[in-house]
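Notes to accompany the following structure.
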Amino acid sequence: MNENLFASFVTPTMMGLPIVILIIMLPPMLLTSSKRLISNRFHSFQQWLIKLIIKQMMLIHSPKGRTWSLMLVSLIMFIGSTNLLGLLPHTFTPTTQLSTNLCMAIPLWAGAVILGFRHKLKASLAHFLPQGTPISLIPMLIIIETISLFIQPMALAVRLTANITAGHLLIHLIGGATLVLTSISPPTATITFIILALLTILEFAVALIQAYVFTLLVSLYLHDNT
Amino acid sequence: MPQLDTSTWFITVLSTIITLFTLMQLKISLHIFPQTPSAKSIELMKTDNPWESKWTKIYSPLSLPQQ
């Protein structure tokens, strides 16, 4: 049962060819490009979405932080689209893989931290010691703050992986239970079906929220460091 | 857990880097956000008369400032 449950999270290869490349490169192909002033609905919808994201996310940043807007917009679009596509049956979601999420979290976090150290060295080092701490606690607090700094990318990656994986697993389990229960006792099957419907709605929300949270935290680390 | 099988990590990380840092950004940077069109002032569109745009030899030499 263990092997079967996690079977959908295996990186897909077809006869030895890694088709995971094609799967990860699918979301950019869904984005349209148009040189017209007014294009079709699909393109206008994407344009509106990007404008909404930029306005919501980049207002708090200084001009130096706003140079990251393309990066953050592409990050939130990538995570959101991969999560939503993963809710279709029998699809592979790259964000369930720890490798993808670490690959997204570590460079962005490291970039923000290195930016902070290069441009505002004193302020970045001052983050390690909050104001007003008793003198005796200083060594321990510096150690704790360092650990909490280095755990940020790990937390980003693991949070996204765990949330999406857990949601997919729940859908698998409850869907399987509903299927088995239809032949045993239909009223219980309807209850589990209602649970499944609610869970799917939750998963839609989680897909979008996780994208938002990831990007928001990266933007927060950026704000600290610019 | 299949997520911890590191044999596939290289290809996944490579394709994620290419997708996130090149493809997505290229596609999103193609979106144009034009400013709302505003009416131009008519005065600015006034063009010069032909004799005002290029100096022509219309002044007699004796009427030029003496040097």
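The values are calculated or read from the model by the stated rules, or taken from the named source; none is laboratory data. For clarity, every value in this text was computed on a predicted model and none was experimentally measured. Glycine also receives a Cβ, built like all others from the backbone with ideal geometry; neighbour counts cover every protein chain displayed.
Here are the numbers for this structure:
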{"read-out": "From the options A:A123, A:A166, residue that is within 14 Å of another protein chain (Cβ to nearest Cβ), out of contact with any His (no Cβ under 9 Å at 6 or more places or on another chain) and either part of a helix (DSSP H, G or I) or buried (at least 19 other Cβ atoms within 10 Å of the Cβ) (or both)", "value": "A:A166"}
{"read-out": "Residue that is touching a helix residue (DSSP H, G or I) at 6+ places or on another chain (Cβ under 6 Å) and not charged (D, E, K, R), where the choices are A:V213, A:V218, A:V180", "value": "A:V218"}
{"read-out": "Criterion violated by A:T178 - all others in (1) more than 21 Å from A:G86 (Cα to Cα); (2) without any contact (Cβ under 8 Å) to a residue 24 or more places away in the chain; (3) buried (at least 16 other Cβ atoms within 10 Å of the Cβ) satisfied", "value": "(1)"}
{"read-out": "Conditions (1) out of contact with any helix residue (DSSP H, G or I) (no Cβ under 6 Å at 6 or more places or on another chain); (2) not in a helix (DSSP H, G or I); (3) not hydrophobic (A, V, I, L, M, F, W, C): number failed by A:R118", "value": "(2)"}
{"read-out": "Filtered residues of region B:19-42 (kept if more than 7 Å from chain A (Cβ to nearest Cβ) and modelled with pLDDT of 90 or more)", "value": "B:T22, B:L26"}
{"read-out": "Any chance A:T100 is hydroxyl-bearing (S, T, Y), surrounded by 13 or more Cβ atoms within 10 Å (Cβ to Cβ) and over 17 Å from B:L23 (Cβ atoms)", "value": "no"}
{"read-out": "Inter-residue pairs, beta-carbon under 6 Å, first surrounded by fewer than 16 Cβ atoms within 10 Å (Cβ to Cβ) and in region A:27-41, second outside any helix (DSSP H, G or I), 6+ apart", "value": "A:S33/B:L30"}
{"read-out": "Count of region A:193-210 residues which are β-branched (V, I, T), out of contact with any helix residue (DSSP H, G or I) (no Cβ under 6 Å at 6 or more places or on another chain) and at pLDDT below 85", "value": "1"}
{"read-out": "A:T146 more than 14 Å from every other protein chain (Cβ to nearest Cβ) and either assigned to a helix (DSSP H, G or I) or out of contact with any helix residue (DSSP H, G or I) (no Cβ under 9 Å at 6 or more places or on another chain) (or both)", "value": "yes"}
{"read-out": "Output for region B:7-18, where each listed residue is surrounded by 10 or more Cβ atoms within 10 Å (Cβ to Cβ) and more than 7 Å from chain A (Cβ to nearest Cβ)", "value": "B:F10, B:L14, B:I18"}
{"read-out": "Sole exception among (1) within 29 Å of A:F204 (Cα to Cα); (2) in contact (Cβ under 8 Å) with a residue 12 or more places away in the chain; (3) within 14 Å of chain B (Cβ to nearest Cβ) for A:M154, by number", "value": "(3)"}
{"read-out": "Tally, over region A:7-26, of residues that are more than 7 Å from chain B (Cβ to nearest Cβ) and in a helix (DSSP H, G or I)", "value": "5"}
